[in-house]
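Comments concern the structure below.
Values quoted throughout were computed directly from the atomic coordinates according to the rules given, and no laboratory measurement underlies them. Being a predicted model, the structure only gives us computed values, none of them experimental. A quick note on method: Cβ atoms are made from the backbone with ideal geometry, for glycine too, and the neighbour counts reach across all protein chains shown.
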Amino acid sequence: MNTQPISDDIALRIALAARQLPNTDTADLLRLLDKMVGLPPWPERLSRLTVKDLKSAAGEKYDDAGAQALQSALACLRGEYDLEDKPPPETEPFEEGDMPGSIRVACASNQGEILDGHFGSCRRFLVYQVSQFANRLVGVRVVDHEPAQGGKTQDDKIARRIALIADCRILFVASIGGPATARVVRAGIHPVKKTQIASAREEIRVLQNVMGENAPPWIKKAMSRSLDPEASKNTT
């Protein structure tokens, strides 16, 4: 067995790549890399990996993952990703009643104001107050990535993430698994997959374009749901 340590550079690449993949932590990705290239994963071996290799090693795990997410993960493994963490933008002032007819929308994000996060592994949720004519970033809700312990389960992880966005009625996300989707829907939140990495603010503007009297049924339903007055005060 090869006991050579993994370099700091490769460890960082693996950690960043894991964030691009649904329901994947660093340990999960290390197991996949062991199957594909062996450990430690040398840079030249990582540079030859393909989407087909990744999907083959993972079985059905990434069947619902978009091609963009898989390509982004491979780019991280090759060291082609921007390794500097881009902080989210500053939140904008908002008081209840400022935007009549608006709803609250969450976007799963890992970098800046980018919609690139998977529900089960994103760093944060960007929360916007959105009406047909205006939008404001009212919250940046950071996910606690404390390792599971003391009998905590995947259900606990899903529940904690839902609690962070309980006052939202729409969730934009790069990917979300079946069980999590069911739980999110039961919480009164409509999940929308966006498999192409994009600006979160731009996706919000696209949403605004279809709000109003001729909005599709799912948006009308989301807007008709009454918000929990206490939950709607959570803009942190």
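Could you check what % of the DSSP bridge pairs in the chain are antiparallel, to the nearest 5?
Numbers: 16 of 24 bridges.
Around 65 percent of the beta bridges assigned by DSSP in the chain are antiparallel ones.
Alpha carbon centre of the stretch 107-135 versus the stretch 37-68: separation in Å?
27
How much length would be gained if the chain were fully extended between ASP9 and ALA187, taking 0.36 nm per residue of separation minus their Cα-Cα distance, in nm to one decimal?
Once the chain is fully extended between ASP9 and ALA187, it gains 60.1 nm.
Could you work out the relative contact order of the stretch 1-120? I mean the mean sequence separation of Cα pairs under 8 Å and 6+ apart, divided by the number of residues, in percent. The partial results should precede the final answer.
Details: 114 pairs, mean separation 35.9, N = 120.
Relative contact order for the stretch 1-120 comes out at 30 percent.
Compute, for the stretch 103-233, the length of the dipole vector about the Cα centre, with Cβ point charges of +1 (Lys, Arg) and -1 (Asp, Glu) only. Units Debye, rounded to 20. If you can, show how the numbers build up before the last one.
Details: 20 positive and 12 negative charges, 31 e Å.
The calculation lands at about 140 debye.
First select every other residue whose beta carbon is under 12 angstrom from the beta carbon of LYS193; then total the charges, Lys and Arg +1, Asp and Glu -1. Intermediate results must be reported in sequence, preceding the final value.
Numbers: positive: LYS194; negative: ASP64, GLU203.
In short, -1.
Of LYS193/LYS220; LYS55/LYS193; LYS35/LYS193; LYS35/LYS194; LYS55/LYS86, which ones are farther than 22 Å apart at the Cα?
LYS35/LYS193; LYS35/LYS194; LYS55/LYS86
Sort the stretch 103-233 into rounded, prolate or oblate with this rule: let a ≥ b ≥ c be the square roots of the eigenvalues of the Cα gyration tensor; rounded if a/c is under 1.5, and if a/c is not under 1.5, prolate when a/b is larger than b/c, oblate otherwise. Working shown, then result.
On the way: a/c = 1.78, a/b = 1.49, b/c = 1.20.
Prolate, because a/c is 1.5 or more and a/b exceeds b/c.
Answer with a single label: of (i) 1.01; (ii) 0.98; (iii) 1.30, which was calculated as Rg/Rh (Cα atoms, Kirkwood Rh) from the structure in view?
Identified label for the calculated read-out: (i).
If contacts are Cα pairs under 8 angstrom and at least 6 residues apart, what is the relative contact order of the chain in percent?
For the chain, the relative contact order is 20 percent.
What does the charge add up to near ARG136, with Lys and Arg as +1, Asp and Glu as -1, over the other residues with Cβ less than 9 Å from its Cβ?
That sum, taken over residues with Cβ under 9 Å, equals -2.
Quickly estimate the mean residue ellipticity at 222 nm for the chain, helices only: each DSSP H run with n ≥ 4 gives -39500 (n - 2.57), and the total goes over all residues, rounded to 500.
It lands at -10500 deg cm²/dmol.
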